[in-house]
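Here's the structure we're looking at; comments come further down.
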Amino acid sequence: MKLSVSIKPISYFKSHAAEIIRRISENQESMVITQRGEAKAVIQDIRKYEQTQESLAMLKILAQSRKSLNKGDVRLAADVFKELKTKDNFPS
């Protein structure tokens, strides 16, 4: 991301919104919107946003797994499947 191109004041966004949305969508890029010289918002292509959210979800799952592993809160998959088979809610 080129910061010189991707940081715009809110006045620019207001007057060029359709063009900005089209460019962001086509190029899957992001844009930082400033107000009074401070960054206030990020406009991002929806596909890029969804990818980011999926990546964050995966990282959260990995962090939780690491935490469980460090606490010793783990079970062998074979033991879990064996237990499920004995509970009538898992087909043999």
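Condition check ((1) over 23 Å from the mean Cα position of the chain (by Cα); (2) basic (K, R); (3) part of a helix (DSSP H, G or I)) across all residues:
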{"position": "K14", "(1), (2), (3)": "yes, yes, yes"}
{"position": "T34", "(1), (2), (3)": "no, no, no"}
{"position": "Y49", "(1), (2), (3)": "no, no, yes"}
{"position": "M58", "(1), (2), (3)": "no, no, yes"}
{"position": "Q64", "(1), (2), (3)": "no, no, yes"}
{"position": "D73", "(1), (2), (3)": "yes, no, no"}
(request) Evaluate the following for I43: is it surrounded by 10 or more Cβ atoms within 10 Å (Cβ to Cβ), over 17 Å from the mean Cα position of the chain (by Cα) and not small (G, A, S)? (result) no
Restricting the range 75-92 to residues that are of a type outside the set (K, R) and not in a helix (DSSP H, G or I), the one modelled with the highest pLDDT turns out to be L76
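The values are calculated or read from the model by the stated rules, or taken from the named source; none is laboratory data. Predicted model, so just to flag it, every value in this text is computed and none were measured. A quick note on method: Cβ atoms are made from the backbone with ideal geometry, for glycine too, and the neighbour counts reach across all protein chains shown.
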